[in-house]
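Beneath this line is the structure, given in structure tokens, with notes to follow.
The values are calculated or read from the model by the stated rules, or taken from the named source; none is laboratory data. Predicted model only: the values in this text are computed from it and were never measured. Reconstructed Cβ throughout: ideal geometry from the backbone, glycine too, with neighbour counts over all protein chains shown.
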Amino acid sequence: MPELQTQPVFHAREVESSRPSRPCFDAPPAHRPARDTGEQTAEPARPKISVRNFTACFNDVPGIRNLTLDIFPRERLAIIGPASSGKTTFLRSLNRLNDLERAFTCSGQILLDGEDIYGPEIDVAALRRRVGMVYAVPVPLPWSIYENLVYGLKLAGVRDRQILDQRVETSLKEAVLWDEVKDRLKEPAHNLSGGQQQRLCLARVLMLDPEVLVLDEPCSGLDPISTGKIEDALLELKAKHTIVLVTNNTKQAARASDRTAFFLMGELVEVGPTADVFTRPRDRRTNSYLVGQFG
Amino acid sequence: MKLAPTAPLPPVPASERRNAARRIRLMPSPTVTERIVVALLWAMAAITIAVLVFIIGYILLHGLPHVTWSFLTESPRRMGREGGVLPMIVGTVLVTGLAVLIAAPIGVATAVYLTEYTAEGRLTAVIRFGADCLAGIPSIVFGLFGFVFFAITLGLGLSILSGALTLALMVLPTIIRTSEEAIRAVPYAYREASFGLGSTRWQTTLYVVLRSALPGISTGVVLSVGRSISETAAVMLTAGSALGLPDSLFDSSRTLALHFYYLAQENISEANAYATAAVLVMAILAINLFAYWLMRRFIARGGHHA
């Protein structure tokens, strides 16, 4: 993987000082995108991910239907929606993790930088390095913290100890975990607390410097402080990565995203700048969901 | 939840009530039951351990006095009435070691194929059913098969190699099933995490699945070693019962268990029979201890298994 590392990365301390004070729960996100990335405005930037009429089925039952959605470089897109609305299926389609299920079939296209990721030429392992995923439940592999972190890079063929060590440090700093674990990298990762494990999983994915970062309810089991740390990390990471965040917590979507997409029953109901979706949703169903009438 | 109003229960006759009271008094209270259960379970466990200790103790008591350095380092003389068991130790190590060396890779590979590389279906059912049937076949039948196929058809004769191949077939089901269980016990989430980090299926299998399943797999291998060491019928028909030190894998060699069988069965030497049994028992104990040590070391190093 030649395109890895070298680029200097920000440091955790700078994050702490430059971080805007956390908005209270219902305030619109503190960080607005510089330009509007709403779907109806003609967007000059090429989408990073372009989903075209994508349908995903399990045993011929569609989990998502005919989805069309653009995700732009360096934005944080939140996906909200009630249970079984296809959010997770969509995320797992982006890195082809659904392929592991034999019952999975799909049609339509998902283009990553214009290339169909379900095309015949695609190296799935390489794709999963480009589209890094953080799961709802942190799953540290039963090894040391260090081994967990370097695993992905070693699979990709990076052997140089110096590069590995340097990436470990930058990734842990990006995931706001460095200060807590820098002296205990040899300890089993299972010794970490739940919140630390989740940040470790984030750091483990960041080791690969993925272009797109997809997170499946990364904070569902975490306390508010750990949640805050992960959201801080995401805010900084969007400078380099495209972030897709599935969340059941609409407050989190409001806080930690630039655009929000609302899924319902496997369909995309609406997508737009987060503030617009939350304050004046175009669809009645979005409004019902946001005020808690279902889901 | 609201319950539907029910009709009042009919009055219980007095005799019925008395019976009920008597029944209840006959049942001990839960606390007492608990104590009885604990005592029973303890007694069962104690019986198991007592039998084990008795057998091992009896054999060691009768055998150990005859286990001398010369017994371990000399060849038998006069059919085993005198001399030692060195060729049998060598034969046992070769036959057992070779059998497990052959069976373990095949068994683990089969288990990996069944769990990681194929969907549950008719084929896996057939393979699994076949393995289970294989496990239930008496060892003398394996011996007969080994004799006919390896010794005669393939022309290997009565040899260490024939014996090892036969034993390999015999322990294969154990290795397959224990490996399969161990592999299945690895959380699916580990595989997902590994795939998500850009691994191929083989990399995930090797670095995540097999690495996590190793303690369980080695348990199966140790069980197979034990079974191979203690096997007599199958090796009698395939490895033969030569008394001398084998020169090559194509030589016949008598294993410790078989030697013990001959000494005891044909009333050659009771003292040497017990001594052989003692050596056999100690070898099995040593192997088990070594396996536990290995496993513990592995677990301590690799982080605990979730």
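Please go through the stretch B:169-191 and pick out each residue that is within 14 Å of chain A (Cβ to nearest Cβ), surrounded by fewer than 19 Cβ atoms within 10 Å (Cβ to Cβ) and touching a helix residue (DSSP H, G or I) at 6+ places or on another chain (Cβ under 8 Å).
B:Ala185
Give the residue, chosen from A:Val158, A:Val139, A:Val131, that is under 11 Å from B:Ala193 (Cβ atoms) and either of a type outside the set (D, E, K, R) or more than 9 Å from every other protein chain (Cβ to nearest Cβ) (or both).
After ruling out the rest, the residue left standing is A:Val139.
Quick one: how many residues across the stretch A:232-277 are buried (at least 21 other Cβ atoms within 10 Å of the Cβ), of a type in the set (Gly, Ala, Ser) and assigned to a helix (DSSP H, G or I)?
Going through the stretch A:232-277 one residue at a time, the tally reaches 3.
All but one of (1) in contact with a Lys or Arg (Cβ under 6 Å, 6 or more places away or on another chain); (2) modelled with pLDDT of 90 or more hold for A:Ile64; state the number of the condition that does not hold.
(1)
Under the condition of being among the aliphatic types (A, V, I, L, M) and either in contact with an Asp or Glu (Cβ under 8 Å, 6 or more places away or on another chain) or in a loop (DSSP other than H, G, I, E, B) (or both), which residue from the stretch A:70-93 is surrounded by the fewest Cβ atoms within 10 Å (Cβ to Cβ)?
Here the residue is A:Ala83.
Looking at the stretch A:94-118 only, could you name the residues that are aliphatic (A, V, I, L, M) and either part of a loop (DSSP other than H, G, I, E, B) or on the phi > 0 side of the Ramachandran plot (or both)?
Across the stretch A:94-118, the qualifying residues are A:Ala103, A:Ile117.
Would you pick out the residues in the stretch B:230-256 that are surrounded by fewer than 21 Cβ atoms within 10 Å (Cβ to Cβ) and within 12 Å of B:Thr92 (Cβ to Cβ)?
Within the stretch B:230-256, B:Ser230, B:Thr232, B:Pro246 meet the criteria.
Looking at the stretch A:110-128, which of its residues are buried (at least 16 other Cβ atoms within 10 Å of the Cβ) and more than 9 Å from chain B (Cβ to nearest Cβ)?
A:Ile110, A:Leu111, A:Leu112, A:Ile117, A:Tyr118
Failed condition for A:Leu208, given (1) outside any helix (DSSP H, G or I); (2) more than 10 Å from chain B (Cβ to nearest Cβ), with all others met?
That leaves (2) as the condition not met.
Can you tell me which condition A:Gly195 does not meet? The list is (1) in a helix (DSSP H, G or I); (2) at pLDDT 90 or above, and all the others hold.
For A:Gly195, the failing item is (2).
So if I check each of A:Arg255, A:Arg259, A:Arg280, A:Arg285, which one is among the charged types (D, E, K, R) and free of Cβ contacts under 8 Å to residues at least 12 places away in the same chain?
Residue meeting the stated conditions: A:Arg280.
Need pairs with beta-carbon distance below 6 Å; first residue without any contact (Cβ under 8 Å) to a residue 40 or more places away in the chain and under 24 Å from A:Ala254 (Cβ atoms) and within the stretch A:62-78, second surrounded by 18 or more Cβ atoms within 10 Å (Cβ to Cβ) and not basic (Lys, Arg); sequence gap 6+ or separate chains.
A:Asp70/A:Pro47; A:Asp70/A:Ser50
Give just the number: which of (1) more than 25 Å from the chain's Cα centre (by Cα); (2) away from every other protein chain (no Cβ under 14 Å); (3) free of Cβ contacts under 8 Å to residues at least 12 places away in the same chain does B:Leu158 not satisfy?
With (1) more than 25 Å from the chain's Cα centre (by Cα); (2) away from every other protein chain (no Cβ under 14 Å); (3) free of Cβ contacts under 8 Å to residues at least 12 places away in the same chain applied to B:Leu158, the lone miss is (3).
Does A:Arg96 satisfy the condition of being within 11 Å of chain B (Cβ to nearest Cβ), surrounded by fewer than 19 Cβ atoms within 10 Å (Cβ to Cβ), over 14 Å from the mean Cα position of the chain (by Cα) and of a type outside the set (Asp, Glu)? Quick ask: steps written out before the conclusion?
On the way: within 11 Å of chain B (Cβ to nearest Cβ): yes; surrounded by fewer than 19 Cβ atoms within 10 Å (Cβ to Cβ): no; over 14 Å from the mean Cα position of the chain (by Cα): yes; of a type outside the set (Asp, Glu): yes.
No: the conditions fail for A:Arg96.
Let me confirm something: among A:Tyr151, A:Tyr146, which residue is within 14 Å of chain B (Cβ to nearest Cβ), over 22 Å from the mean Cα position of the chain (by Cα) and of a type in the set (Phe, Trp, Tyr)? Walk me through it before giving the result.
Details: A:Tyr151 fails: over 22 Å from the mean Cα position of the chain (by Cα).
None of the others qualify; the one that does is A:Tyr146.
Which one of these does B:Leu114 not meet: (1) surrounded by 16 or more Cβ atoms within 10 Å (Cβ to Cβ); (2) closer than 22 Å to B:Leu256 by Cα; (3) not charged (D, E, K, R)?
Failing condition for B:Leu114: (2).
Identify all residues within the stretch B:282-292 that are surrounded by 15 or more Cβ atoms within 10 Å (Cβ to Cβ) and more than 14 Å from B:Leu72 (Cα to Cα); write none if there are none.
B:Ile284, B:Ile287, B:Ala291
If I ask for residues that are more than 13 Å from chain B (Cβ to nearest Cβ) and either outside any helix (DSSP H, G or I) or within 17 Å of the chain's Cα centre (by Cα) (or both), which ones from the stretch A:163-183 would you list?
Selection gives A:Leu172, A:Glu174, A:Ala175, A:Val176, A:Leu177, A:Lys182, A:Asp183.
Can you name every residue in the stretch B:194-224 that is within 9 Å of chain A (Cβ to nearest Cβ), of a type in the set (A, V, I, L, M, F, W, C) and touching a residue at least 12 places away in the same chain (Cβ under 8 Å)?
Listed by number, the list holds a single entry, B:Val208.
Kindly indicate the residue of the stretch A:107-157 that is out of contact with any Phe, Trp or Tyr (no Cβ under 8 Å at 6 or more places or on another chain) and polar (S, T, N, Q) and also farthest from A:Ser93 (Cα to Cα) among those meeting that condition.
That would be A:Ser144.
Within the stretch B:78-91, restricting attention to residues that are assigned to a helix (DSSP H, G or I) and of a type in the set (A, V, I, L, M), which residue is modelled with the lowest pLDDT?
As a first pass, look at the stretch B:78-91 and keep what is assigned to a helix (DSSP H, G or I): B:78-80, B:86-91.
When the remaining residues are screened for being of a type in the set (A, V, I, L, M), the result is B:79, B:86, B:88-90.
Values: B:Met79: 80, B:Leu86: 92, B:Met88: 92, B:Ile89: 92, B:Val90: 92.
Residue satisfying both the conditions and the ranking: B:Met79.
Search the stretch B:132-168 for residues being aliphatic (A, V, I, L, M) and surrounded by fewer than 16 Cβ atoms within 10 Å (Cβ to Cβ), and hand back the single one that is modelled with the lowest pLDDT.
Restricting attention to the stretch B:132-168, the residues satisfying the condition of being aliphatic (A, V, I, L, M) are B:134-135, B:137, B:140-141, B:144, B:148, B:151-152, B:154, B:156, B:158, B:160-161, B:164-165, B:167-168.
Imposing the further condition that a residue be surrounded by fewer than 16 Cβ atoms within 10 Å (Cβ to Cβ) reduces the set to B:135, B:137, B:140-141, B:148, B:152, B:154.
On the way: B:Ala135: 86, B:Ile137: 91, B:Ile140: 93, B:Val141: 94, B:Val148: 95, B:Ile152: 93, B:Leu154: 93.
Ranking the candidates gives B:Ala135 first.
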